[in-house]
Amino acid sequence: MVRGADAHVAMSAPRDPEEPDAPDTPAGLDPDDRAASTPPAAPAGGAATPPGLRPATALFAVLVVIAAAYAPSLDGPFLWDDLQLVTQPMTERLHAPWEYLVTPFWDLRSEVAGSGMFYRPLTVLSLALDRALHGENAVGFHLTNVALHLVNVALVFALARRAGAGARGAGAGALLWGLAPRLAESVAWISGRTDTLCATFGLGAVLAWSPRHPGRRALALLLALAALLAKEAGLAALAAIAVAEGSTWLAAPRRRAGDALVRVGLAGVTLAIYLALRAQALPGAVVASAHGVALTTAERALTVLEAAGRYVWLALLPWFPQTQIGVVGSPAVAFSALGGVALALAAWKLPPLVRRANAEERAVLALGGVSLALVLHVIPLAWSATVGDRLLYIPLATLTVYGARWLDARTARGWRGPALLAAVGLSFLPALERRIGLFADEVAFWVDAVETTAPESCGPESALVDLLQRARMCAEADEVLDLSEARGPFVRTCGFTALRAHCASWRGDYDTARALYVESANRRTVTTATDVLEVARAALRLGELAEARRLQRQALRISPEFPDALAFGELLDRIATLAAAGSQAPAAAAELEMLSGRRLQAERAWLAALRSGALDEEAEDRALAFLFRLGSATGAAEAADLVRLRRGQDSPLLPALVQRQRTAEQLREAMPRIRDALGAKRDRRRR
């Protein structure tokens, strides 16, 4: 790549490092220096960078606009998978770096659906660093996500420049890619970091690679390995480097088999290192089907075609991002047909494009193509949705790199091209603002998800029921379950029985809760340690300590290293110690009810203890923490008043109660929309 603020050259076919210098090339210079000694050429298909528009200035302007657009995402809460990720053992505190290399993504062994597929140590380490720096403040996590996105915008700009685009075309492409509403999920959602971090290393690997510099080739391999350790899609980065190395060898006048084997073989060694680390973290892990959906060969072929068609549709309509798009096992014929056409066109058009491309261009093609192929369900994915917006993050980046020279040509002459690009960019802003706003509001996010997902999808309803339960709105949670189950027998696979058990437990109906937990476990093909633990907790709420202990041991026999089962054993030990002490102190009685999971009884006990004035400040804080988080609205308000009178000031825990009350108010206001959306999905399902 040419050095200098305004200089740029198109990618050229790689030259054999042992080939003699061309007659018109000054001898004794580094290849990059030789290129720098010649006048810069205009990029193919476009105009040279106009005077006065420096690449650094163009990039800075692009980054400022994108940073301003994503600034509202900093106010977003922990949402969806975020809480599980930032509260698991490997992220709650920092560990030695090598410990992350031998730990699964969820650090819950086989107890999270599909966790046997996921190995992302660098992503977990980044979350742990954020937790160490920012504690439970979500702003710091969001700030890291935005910073990674800005780095990726700069990498897309640099790759477009190396592909021959001027500062204007590269800047326009990077700006449109950075503002694309469909990609907001990867940036505004903390858990979307898997895609942004993988892209940072993957794009960096392609940019770092050079056919003439062994050091840069080694750096590219290290970055590709890092991409793999951030997310499985990093395999595309490694494939890109292997393709680039192979292309360099094929283009050399004097091909040497030994040199080719060494270069491409290093990529194989890098992959072997990753697979060895993964096997250490996930011993015996198998690829799971999507939430128990086992597909026949014909169904899988239709799913692959549907996924391809939907991704084409998503790329053509970036203004309409969604959550949970499509449902595996319920293929849409129209999208399957579109996918068939798209794959046929790719088979027709890509081979000549690849033949004409040089090594660096082929690397970019491989990065985008392989990253997309990995999510077409050719290999079963532990995911019930057919496609996802965030999975287009890397493919659209590579498409932008190739489109930048075309943008150059459209902006070089007249005003129509720049005006059209400006209109597209401006049209992105309202959709992007709305999407970011949804990720900043948990209630609005899940209501929108219920309204926009397919009738066969039940993930949003499950999350909404959980949110209603946390707001102590059990009657509304039961209503949502009733309306959801009216869609048909397919909901038996949605886990609604366990959710009904949770509702019964919240209401204090522990006998019904246990029966429902047992029913939920019996519906599974394989009983998991999580199922057994739910029944154990139900037994504990009924005062059956010995039965709870027996079930806890059964859970450990199923999954010996399951953290929840080990923690539950420690909880049972504490309860046994408290019960044996036989203390009649108000705090001890309330503590025993709380640890046993009897929320209604614990609320009454803590309120009685607060009224008596017998609690010290530490016990009062424990009472408030429980009542603000799990107590009724009236009980929590009374506790806040009692502590305010005693201390002369509000509790520092009060904001948590205020947030819960605000959430409950939002949910009550949203219930008409929720009822209408669920009714519409039921009617669509029946048709």
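The values are calculated or read from the model by the stated rules, or taken from the named source; none is laboratory data. Everything numeric in this text was worked out from a predicted model, so none of it was measured. Cβ atoms come from the backbone with ideal geometry, glycine included; neighbour counts cover every protein chain shown.
Only residues that are farther than 19 Å from residue 396 by Cβ and of a type in the set (A, V, I, L, M, F, W, C) were counted across segment 340-356, and they come to 5. Would you call residue 548 surrounded by 15 or more Cβ atoms within 10 Å (Cβ to Cβ), farther than 30 Å from residue 609 by Cβ and free of Cβ contacts under 8 Å to residues at least 60 places away in the same chain? It is false that residue 548 is surrounded by 15 or more Cβ atoms within 10 Å (Cβ to Cβ), farther than 30 Å from residue 609 by Cβ and free of Cβ contacts under 8 Å to residues at least 60 places away in the same chain.
Say we look at segment 310-325 and pick out the residues that are more than 20 Å from the chain's Cα centre (by Cα) and in a helix (DSSP H, G or I); which of these is surrounded by the fewest Cβ atoms within 10 Å (Cβ to Cβ)? The selected residue is 316.
Remark: pairs (first residue in segment 601-620, on the phi < 0 side of the Ramachandran plot; second residue of a type in the set (D, E, K, R); Cβ separation under 6 Å; 6+ apart in sequence or on different chains) = 601/593; 602/593; 605/593.
Filtering segment 327-357 down to residues that are of a type outside the set (A, V, I, L, M, F, W, C) and in contact with a Gly (Cβ under 9 Å, 6 or more places away or on another chain), which residue is surrounded by the most Cβ atoms within 10 Å (Cβ to Cβ)?
Applying the filter and picking the extreme gives 339.
Go through segment 507-528 and count every residue that is in contact with an Asp or Glu (Cβ under 8 Å, 6 or more places away or on another chain) and either part of a helix (DSSP H, G or I) or without any contact (Cβ under 8 Å) to a residue 60 or more places away in the chain (or both). Of the residues in segment 507-528, 4 are in contact with an Asp or Glu (Cβ under 8 Å, 6 or more places away or on another chain) and either part of a helix (DSSP H, G or I) or without any contact (Cβ under 8 Å) to a residue 60 or more places away in the chain (or both).
When segment 423-437 is limited to residues that are touching a residue at least 60 places away in the same chain (Cβ under 8 Å) and hydrophobic (A, V, I, L, M, F, W, C), the one that is surrounded by the most Cβ atoms within 10 Å (Cβ to Cβ) turns out to be 432. Is it the case, given these coordinates, that residue 474 is modelled with pLDDT under 90 and under 27 Å from the mean Cα position of the chain (by Cα)? No.
Residues of segment 600-619 include none that is surrounded by fewer than 20 Cβ atoms within 10 Å (Cβ to Cβ), at pLDDT below 85 and closer than 27 Å to residue 77 by Cα. Summed over segment 386-406, the residues that are over 15 Å from residue 198 (Cα atoms) and crowded, with 23+ Cβ neighbours inside 10 Å give a count of 7. Within segment 442-471, being among the charged types (D, E, K, R) and either surrounded by fewer than 18 Cβ atoms within 10 Å (Cβ to Cβ) or in a helix (DSSP H, G or I) (or both) holds for 442, 448, 451, 461, 466, 470. Looking at segment 561-571, is at least one residue touching a Leu at 6+ places or on another chain (Cβ under 9 Å), small (Gly, Ala, Ser), touching a residue at least 12 places away in the same chain (Cβ under 8 Å) and not in a helix (DSSP H, G or I)? Looking for residues that are touching a Leu at 6+ places or on another chain (Cβ under 9 Å), small (Gly, Ala, Ser), touching a residue at least 12 places away in the same chain (Cβ under 8 Å) and not in a helix (DSSP H, G or I), one finds none in segment 561-571, hence no. If you go through segment 621-645 and keep only what is in contact (Cβ under 8 Å) with a residue 40 or more places away in the chain and over 41 Å from the mean Cα position of the chain (by Cα), you end up with nothing.
Looking at segment 75-194, the helices (runs of 4 or more DSSP H) lying wholly inside it that each contain 1 or more residues that are of a type in the set (S, T, N, Q) and at pLDDT below 95 sit at 82-87, 89-92.
For segment 407-422, a residue qualifies if it is among the hydrophobic types (A, V, I, L, M, F, W, C) and buried (at least 16 other Cβ atoms within 10 Å of the Cβ), and the qualifying residues are 407, 409, 412, 421.
Among the numbered conditions (1) over 25 Å from residue 78 (Cα atoms); (2) touching a Pro at 6+ places or on another chain (Cβ under 9 Å); (3) surrounded by fewer than 24 Cβ atoms within 10 Å (Cβ to Cβ); (4) not hydroxyl-bearing (Ser, Thr, Tyr), the only one that residue 155 does not meet is (2). Here residue 529 clears all of (1) closer than 26 Å to residue 79 by Cβ; (2) surrounded by 18 or more Cβ atoms within 10 Å (Cβ to Cβ); (3) touching a Ser or Thr at 6+ places or on another chain (Cβ under 8 Å); (4) at pLDDT below 90 except the condition numbered (1).
Just give me the residues in segment 482-506 being under 20 Å from residue 665 (Cα atoms) and either outside any helix (DSSP H, G or I) or free of Cβ contacts under 8 Å to residues at least 40 places away in the same chain (or both), in sequence order.
503
Cβ contacts < 9 Å: first residue in contact (Cβ under 8 Å) with a residue 60 or more places away in the chain, restricted to segment 529-543; second residue part of a helix (DSSP H, G or I) and of a type in the set (Ser, Thr, Tyr), any location; separation 6+ or different chain. Result? So the pair list comes out as 529/110; 537/505; 537/517. In segment 326-419, counting only helices (runs of 4 or more DSSP H) that sit wholly within it, the ones holding 3 or more residues that are hydroxyl-bearing (Ser, Thr, Tyr) span 393-412. Annotation: residue 475 fulfils all but one of (1) within 20 Å of residue 603 (Cβ to Cβ); (2) crowded, with 16+ Cβ neighbours inside 10 Å; the unmet one is (2).
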